[in-house]
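Below is one structure; the comments refer to it alone.
Readers should treat all values here as calculations from the given coordinates under stated rules, not as data from a laboratory. Not measured: the values here are computed from a predicted model. In this analysis, Cβ positions are derived from the backbone assuming ideal geometry, glycine residues included, and neighbour counts consider all displayed protein chains.
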Amino acid sequence: MSALQHVKERLGDAMVYKVHGLNNLSAFRENAEMSAILRNEGHSALPVVFLDGKVFSKATSIEVEQLLAAME
């Protein structure tokens, strides 16, 4: 979460993120790929990070530098 907040501070409105299914369950349900990941892999696949609508990372924490590099 802190990595996402740090990137958001640097990129401003260029970045949008949704966190935690319980707080935003409809966003998880609307994303067919996220639903499939949870159905097929369960909670062990979390956290899942999408970048430009595609899975960028799952089942591991990512560093700020990784996100920034991928967004360039």
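Brief remarks on what is shown
- Near the amide H of Ser57, within less than 5 Å, lie the amide hydrogens of Val49, all on another chain or at least 5 residues away, with H placed in the peptide plane.
- Over all other residues within a Cβ to Cβ distance under 15 Å of Val64, the charged ones net out to -2, with Lys and Arg as +1 and Asp and Glu as -1.
- Difference of contour (0.36 nm per residue) and Cα-Cα distance, Ser61 to Ala3: 20.0 nm
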